[in-house]
Amino acid sequence: MKKAALHNLGCKVNSYETEAMQQLLEQAGYEIVPFKEGADIYIINTCSVTNIADRKSRQMLHRAKKMNPDAVVVAAGCYVQAAGEELKKDPAIDLVIGNNKKTELVPILEAYFASQSHGEEAEEYLIDIGNTREYENLSIHRISDHTRAFIKVQDGCNQFCSYCIIPYTRGRVRSRRPADVVSEVTELVGQGYREIVLTGIHLSSYGVDFPEEEREGLLDLICRLHEIEGLERIRLGSLEPRIITEEFAGTLAGLKKICSHFHLSLQSGCDQTLKRMNRRYTTEEYADKCRILRTYFDSPAITTDVIVGFAGETEEEFLTTREFLETIHFYEMHVFKYSKRAGTKAAGLPDQVDEGTKARRSENLIALEDRMSREYRQKSAGRAVEVLLEDQMEIGGHTYWIGHTKEHVKAALPVEQGESGLLVSGILGEMMTGEILQLLPNKKFKLPNQ
């Protein structure tokens, strides 16, 4: 029995695919071992979202070969698509598997071992991702997290933001068939998973590639999943602002399983910067989408991504962004310093911002995020909520169950009063740490499906 070790880099979609590849290997009889010395096969699911991600991917590939020079090192994923020809020349890498080929991992490995036994050259598995139109039908049957499951429903992106390499490494939009999604979620719920998170490379585009007569969008899929008995929560991954309409928000508000936590991608709060980024909305339009959400949901948690130091960003543009962020008042923000990515339009734009300025602006927005996030949590105190218990943590010498509300606010309950996977109704109390509130239960704990 060969021993295989896997390592994931990058986004939630990559994590899902790594989990799926591991389960394919297990089903084929491979023994899964930790990513350290002793494996016969090392599989690195790479990322290429920035130059730093490229470097980390190369480092992990070389680290794997150093841990066992006789092992088969497999490079898979986005970095492969971006730098496949270069990787094929790297002596540390034995197999190169592009996106949309991960589902064939086991037969690819078998073919490799067969070719080696006959002294033949290994085949190449790079694909023309730009012309790929079929969704790669990877699926999972269990997840290490026993309460929440990330479900990949879409791949690829048609947006071509000027800073982003992903359309070139993931290809065009490809959506998973609704029946396949329902089947996977139903199976996972049957195993006890309480919450699902729908994710994709560009989730808002789900269904745009279906034939017109079969067209189902993200809202249709959500409504299907809402009917699954035993599923308690549906959380949405990153959304583009354009998907938020009165109809979309109004329909979601009528679905009791929907989590009122919306991650709306922003990137900049300055219209001139958004235009250089090739983002297809204005700050006025974005603000209106937040207004719609707050009309249909009571204090929804709105989170976002912001890039600082984008090419040409002046101090005035940065301050305009900061003012806009304060106006929206996000629950959480992920702040990124712009990193030039070879192969993108933005890499060739003039007036690149120096690293020192990027760092200063990043620190400024991180401090703003900390204040806004703390204020949102403080305002949550006294609210009636349901918390899904997930993990244990020690606070002040005592052990607590830690879980999340539908708004993704963390809450704590004494360990003797809970159990993993339970939904607990209660009132949020005082802050116990910088980001965890006390849960004061007011209802008997309930197992889902009871």
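The values are calculated or read from the model by the stated rules, or taken from the named source; none is laboratory data. Fair warning: this is a prediction, and the values are worked out from it, not measured in the lab. Don't worry about glycine lacking a Cβ; one is built from the backbone with ideal geometry, like all the others, and counts go over all protein chains shown. Side chains included, ligands, DNA and RNA excluded: accessible areas come from the protein's heavy atoms. Shrake-Rupley method; radii C 1.70, N 1.55, O 1.52, S 1.80 Å.
Whenever a residue of region 65-80 is surrounded by 20 or more Cβ atoms within 10 Å (Cβ to Cβ), its partners that are among the acidic types (D, E) and not in a strand (DSSP E or B), lying with C-beta atoms within less than 6 angstrom and at least six residues away or across chains, give the pairs A71/D40; V72/D94; V73/D94; Y79/D54. Among residues of region 273-285 that are more than 15 Å from Y338 (Cβ to Cβ), those with a beta-carbon under 6 Å from a residue that is of a type outside the set (S, T, Y) and not in a helix (DSSP H, G or I) at least six positions away or on a different chain give the pairs T283/G269.
Rundown of residues vs (1) open to solvent by 10 Å² or more (accessible area, probe 1.4 Å); (2) touching a helix residue (DSSP H, G or I) at 6+ places or on another chain (Cβ under 7 Å); (3) of a type in the set (S, T, N, Q); (4) in contact (Cβ under 8 Å) with a residue 12 or more places away in the chain, yes/no style:
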residue: E19; (1), (2), (3), (4): yes, no, no, yes
residue: E26; (1), (2), (3), (4): yes, no, no, no
residue: F35; (1), (2), (3), (4): yes, no, no, yes
residue: A39; (1), (2), (3), (4): no, no, no, yes
residue: Y42; (1), (2), (3), (4): no, yes, no, yes
residue: C47; (1), (2), (3), (4): yes, yes, no, yes
residue: T50; (1), (2), (3), (4): yes, no, yes, yes
residue: D54; (1), (2), (3), (4): yes, yes, no, yes
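Do the conditions hold for I228, that is, is it more than 27 Å from C47 (Cα to Cα), in a helix (DSSP H, G or I) and in contact with a Ser or Thr (Cβ under 9 Å, 6 or more places away or on another chain)? The answer is no for I228. Would you mind stating whether R291 is open to solvent by 60 Å² or more (accessible area, probe 1.4 Å), out of contact with any helix residue (DSSP H, G or I) (no Cβ under 8 Å at 6 or more places or on another chain) and within 21 Å of A249 (Cβ to Cβ)? So R291 fits the description; yes.
Here region 42-66 is the region considered, the condition is being part of a helix (DSSP H, G or I) and within 21 Å of the chain's Cα centre (by Cα), and the residue that is nearest to I32 (Cα to Cα) is M60. Screening S268, S238 for residues that are small (G, A, S) and open to solvent by 40 Å² or more (accessible area, probe 1.4 Å) leaves exactly one candidate, S238. One residue stands out among those in region 231-252 that are basic (K, R) and either in contact with a Cys (Cβ under 8 Å, 6 or more places away or on another chain) or in a loop (DSSP other than H, G, I, E, B) (or both): the one that is nearest to R280 (Cα to Cα), which is R235. Of all residues in region 374-407, which are crowded, with 19+ Cβ neighbours inside 10 Å and part of a loop (DSSP other than H, G, I, E, B)? Once the filter is applied, which keeps residues that are crowded, with 19+ Cβ neighbours inside 10 Å and part of a loop (DSSP other than H, G, I, E, B), region 374-407 yields T405, K406, E407.
Note on region 152-165: residues that are under 15 Å from L239 (Cβ atoms) and open to solvent by less than 10 Å² (accessible area, probe 1.4 Å) amount to 2. Residues being buried (at least 22 other Cβ atoms within 10 Å of the Cβ) and not aromatic (F, W, Y) are represented in region 209-219 by at least one member.
A quick yes/no check of all residues on (1) in contact with a strand residue (DSSP E or B) (Cβ under 7 Å, 6 or more places away or on another chain); (2) over 30 Å from E430 (Cα atoms); (3) at pLDDT below 95:
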site	(1), (2), (3)
R276	no, yes, no
T327	no, no, no
L349	no, yes, no
L365	yes, no, no
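Being part of a loop (DSSP other than H, G, I, E, B) and either out of contact with any Cys (no Cβ under 7 Å at 6 or more places or on another chain) or closer than 22 Å to Q154 by Cα (or both) is the requirement here; does S15 meet it? For S15, the condition - part of a loop (DSSP other than H, G, I, E, B) and either out of contact with any Cys (no Cβ under 7 Å at 6 or more places or on another chain) or closer than 22 Å to Q154 by Cα (or both) - is not met. When you look at L255, is it touching a helix residue (DSSP H, G or I) at 6+ places or on another chain (Cβ under 6 Å), open to solvent by 20 Å² or more (accessible area, probe 1.4 Å) and either part of a helix (DSSP H, G or I) or more than 18 Å from Q352 (Cα to Cα) (or both), yes or no? When the stated conditions are applied, L255 passes them.
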